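To start, the structure under review is shown below, and the notes come after it.
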Amino acid sequence: MSTEKRKDEQLGKFTENHEGEEITTNQGVPVSHTDDSLKAGERGPTLMEDFHFREKLTHFDHERIPERAVHARGFGAHGYFEVYGPMTEYTMAKFLQDPSVKTPVFVRFSTVVGSRGSADLARDVRGFATKFYTEDGNYDLVGNNIPIFFIQDAIKFPDLVHSIKPEPHNEVPQAAAAHDTFWDFVSCTPETAHMVLWVLSDRGIPRSFRHMEGFGVNTFRFVNAQGKGRFVKFHWKPKLGVHSLVWDEAQKLNGKDPDFHRRDLWDAIERGDYPEYEFGVQMIDEEDEFKYDFDILDPTKFWPEEQVPVKIIGRMVLNRNVDNFFAETEQVAFHPGHVVPGIDVSNDPLLQGRLFSYLDTQLTRLGGPNFAEIPINRPIAPVHSNQRDGMHRMTIDRGQVAYSPNSLQDDTPQPDAEDGYKHYQEKVEGQKTRERSESFKDYYSQATLFWNSMSEREKDRIISAFHFEVGNVKDKDVRKRVVEVFNNVDGDLAKQIASGIGVAPPDKPGGAGIKDSSPAVSVENTTFEARTRKVAILVENGFNYAELEQVVDALDKAGVVTEVVSKNQGVLTSTEGQELEVDKNHLTTGSIKYDAVYIPGGRESVDSLIKQGYVIHFINEMFKHYKPVAIANEALDFFEASLIGSAGPGSTNQEPSSNLGVVSVQNATDLSSFSQEFIKAIAMHRHWDRMDKSSNAPA
Ligand code: HDE
């Protein structure tokens, strides 16, 4: 069997189908009736002897387990990883050697702050945790979608999390950093400044899990068979590029579709649009540990790609949804210390602390020490040890011996001195101290580097995010201190923050004196693709079918997904009598759920649409969110009837016109070049130039 399928086969052994079966108790006793409890008389009390009732209720009463302390809301999928070529020179990790091997993986994406039932579009860091089921055992890369972290030492993690979680006295707000305690912590903890800028950038509100990068964040080690070590940082780069929503969209989506990200991933996999991410490593030789102007063990610093290139070494494809959310996504247990021969940790103090926390929290969350036996957590590699018993032990360990050394079982199981995991032979020496290294104490230079790397429009959006987040802070002293902290990053940034939150601009000159930038961190320098984007088609009876068909075919060929939206669900009829099934009525959707909108011609359809407030709002909102609008023939009337007028007057002949992401065509029967222009506009994702042209555009 192919390696890729080995995990699926293992999971299959634990999978149960209930379709067509009869209900039994957990003891396998057939149940005759499940809708009424056993009572003494039809109107009498329930009887204790009703074992079916007792068992059903007891199980229900215990269905919930503690949610994760952080990253409670998540969504997972299965897939595989393949390496492009042998990495023998750098690491002996088996799954990084043979390009013909497909290593099964399970990935869980998550938000950090919100509870399990919170909304997907919180402004937050996203978790990106991958479990590789390798031949040498499980390797977990437990990363985030931002390459750095808020704090430098794990001992500060409880403080950070307490400050950002809902406030303890009133449990408000849910899944949000926009409140006093978080910004109080930030303003008192300058090492957070760099990460805060990343979270307030577009990366804090991804378009989907498919449009996010992933980073191992901490510094790890590759070790080759000769025992030579190198420092590494891990990267996932999405094939579709890195793209985000705008804040107004995100907030509205949290109401209209709080499952937007989960639904997107699930639907994409069901459609066969399998998300792909390339795997990259940055490597620094041990000899070069001190060559950089930042400490390579400091998790509040990234390694600029311009200084340490990312070597792309493989790819991951997510191609199967889970069978059961609880059994798989909820019960999966990741641990940054689940490493395999060839991969080791570094002395990064955040990573060192993480090595303690994950197993510790999982003991409570998953009810004891045997959770590695839960199907999703089982390695495909064989497991042997002298560990026994504990809550929920599944394995029936044969034999009399559960200790080592022994003579009764030939002193087995035995460690493998040759191929067993060997920790990297790093020389460690030092005096016990609670001090922080001087080399960690530059909190601002890279924050300035990041700020310098943003385009003017990205900067505008970061400032807006500050105005929202810190604008929600009631304590004026906290707001003042935030401005002071960010004045250390950039004077202009601090001034602009101050202008929106009711505090005076800083009186000291600002900035960390850094002029450099790192273009690779700007999401505007990413891949742009129309593939898998979602387009709404607004129509009513009397639309032009020939036109619509051409555009839909072209979109389909480009891998763009379409949905027909109309006032009511049902079947619409075109001018020529062709029928079209409606996918969504007005109440079940909204512009925020799409990447673009297309309105075909047809006099009757356009006349009807133009009278509907919903449709005008739909187009205006699409336009305000910088997304493409495509209109053909009679639909050009919308130039007058909506905000897209500022991108008008549009096409006057059969040649398509495209301005500020509004694509139009007039008097045309052949819509092929119009469709291609539309696809180009969709690939661009957002048309930020509207920001300059339209006073109605929100940031
Ligand atoms: Fe985590 N983190 N973390 N974290 N983390 C958890 O483990 C922790 C950190 C990350 O989908 C918990 O099983 C400490 C950085 C992800 O199941 C917990 C510190 C990064 C997930 C925990 C950090 C992460 C977690 C909660 C500071 C990016 C979700 C439940 C030193 C590299 C994994 C659990 C999933 C989950 C502790 C910081 C990523 C409490 C102490 C940095 C993606 O153990």
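The values are calculated or read from the model by the stated rules, or taken from the named source; none is laboratory data. From a predicted model like this one, the values you see are computed outputs, not experimental measurements. Note that we place each Cβ from the backbone using ideal geometry, even for glycine, and neighbour counts take in every protein chain shown. Just so you know, the surface numbers come from the protein's heavy atoms only, side chains and all, with ligands and any DNA or RNA stripped out. Shrake-Rupley method; radii C 1.70, N 1.55, O 1.52, S 1.80 Å.
Express the accessible area of segment 46-121 per residue in Å², computed with a 1.4 Å probe while the remaining protein chains stay in the model. Spell out each step's value before the answer.
Working: 3530 Å² over 76 residues.
Using a 1.4 Å probe on heavy atoms only, each residue of segment 46-121 averages 46 Å².
In this structure, the amide hydrogen of T111, modeled 1.01 Å from its nitrogen in the peptide plane, lies closer than 5 angstrom to those of R73, G127, counting only residues at least 5 positions away or on a different chain. 3J(HN,Hα) along segment 114-129, derived from phi through the Karplus expression 6.51 cos²θ - 1.76 cosθ + 1.60 where θ = phi - 60°, amounts to x, 7, 4, x, 7, 8, 5, 9, 4, 6, 6, 6, 10, x, 9, 10 Hz, with x in place of Gly and Pro.
Among 422-431, 79-88, 125-134, 327-336, how do they line up by average Cβ neighbours within 10 Å per residue, starting with the highest?
Values: 422-431: 8.2, 79-88: 18.1, 125-134: 24.4, 327-336: 20.5.
So the peptides 422-431, 79-88, 125-134, 327-336, ranked by packing, come out 125-134, 327-336, 79-88, 422-431.
Segment 559-599 and segment 105-167 have Cα centres spaced 37 Å apart.
First compute the accessible area of segment 71-167 with a 1.4 Å probe, then give the percent of it belonging to carbon and sulfur atoms. Spell out each step's value before the answer.
On the way: 1420 of 2560 Å².
Here carbon and sulfur together make up 56 percent of the probe-accessible area.
An oblate overall shape is assigned to the chain, the ratio a/c of its alpha-carbon gyration tensor axes (a ≥ b ≥ c) being 1.5 or greater and a/b not exceeding b/c.
When the Cα gyration tensor is reduced to axis lengths a ≥ b ≥ c, the ratio a/c is 1.5 or higher for segment 171-311, and with a/b not above b/c it is classed as oblate.
Which percent of the accessible heavy-atom area of segment 534-693 goes to carbon and sulfur, probe 1.4 angstrom? Write down the numbers at each step before the final one.
Values: 2840 of 6290 Å².
Carbon-and-sulfur percentage of accessible area, whole number: 45.
Per-residue Karplus couplings for segment 415-423, computed as 6.51 cos²θ - 1.76 cosθ + 1.60 with θ equal to phi - 60°, are listed in order as x, 9, 4, 6, 9, x, 5, 10, 5 Hz, Gly and Pro entered as x.
Length available on full extension from L38 to D410: 0.36 nm per residue minus the Cα-Cα distance, which gives 128.2 nm. Residues whose amide H lies under 5 Å from that of A596, counting only those 5 or more places away or on a different chain, are K534, A536; hydrogens are built 1.01 Å from N in the peptide plane.
The distance from the alpha carbon centre of segment 308-366 to that of segment 182-236 is 14 Å, rounded to a whole number. Spin-label model, R116/E435: points 7 Å from Cα along the beta carbon direction are separated by 4.7 nm. Modelled spin labels at D360 and Q27, positioned 7 Å past Cα toward Cβ, are 4.3 nm from each other. What's the FRET efficiency of Q10 with R271 using the Cβ-Cβ distance as r and R₀ = 22 Å, to the nearest 0.05? According to the calculation, E is roughly 0.25. With a cut-off of 12 Å between beta carbons, the residues surrounding F14 carry a summed charge of -3, where Lys and Arg count +1 and Asp and Glu -1. Averaged per residue, segment 534-693 has 39 square angstrom of accessible surface, using a 1.4 angstrom probe with ligands and nucleic acids left out. Over all other residues within a Cβ to Cβ distance under 11 Å of E305, the charged ones net out to +2, with Lys and Arg as +1 and Asp and Glu as -1. Once you reduce segment 400-453 and segment 73-87 to the center of their Cα atoms, the two points are 24 Å from each other. Shown for segment 339-414: the carbon plus sulfur share of the solvent-accessible area, taken with all protein chains present and a 1.4 angstrom probe, equals 55%.
Using only the heavy atoms of the protein chains and a 1.4 Å probe, how would E213, E634 rank by accessible area, largest first?
Numbers: E213 20, E634 60 Å².
Putting E213, E634 in descending order of accessible area: E634, E213.
Over the chain, Cα pairs under 8 Å with separation of 6+ residues give a relative contact order of 11 percent.
Mean residue ellipticity at 222 nm from the helices of the chain, using -39,500 (n - 2.57) per DSSP H segment of n ≥ 4 over the full residue count, to the nearest 500 deg cm²/dmol? Walk me through the numbers before you get to the answer.
Details: 18 runs with 185 residues, N = 699.
The helix contribution divided over the chain gives -8000 deg cm²/dmol.
Packing-based ranking of 215-221, 349-355, 33-39, 320-326 yields 215-221, 349-355, 320-326, 33-39, ordered from highest to lowest mean Cβ neighbour count within 10 Å.
Positive contributions from Lys and Arg (+1) and negative ones from Asp and Glu (-1), summed over other residues with Cβ under 13 Å from the Cβ of R221, come out at -2. Phi angles of segment 237-244 translate, via the Karplus equation with coefficients 6.51, -1.76, 1.60 and θ = phi - 60°, into HN-Hα couplings of 10, x, 5, 8, x, 9, 9, 9 Hz per residue; Gly and Pro are given as x. Given the chain, what percent of its DSSP beta bridges are antiparallel, to the nearest 5? Approximately 80 percent, going by the DSSP bridge assignments. Look at the Cα gyration tensor of segment 571-699: its axes a ≥ b ≥ c give a/c of at least 1.5 with a/b at or below b/c, and that counts as oblate.
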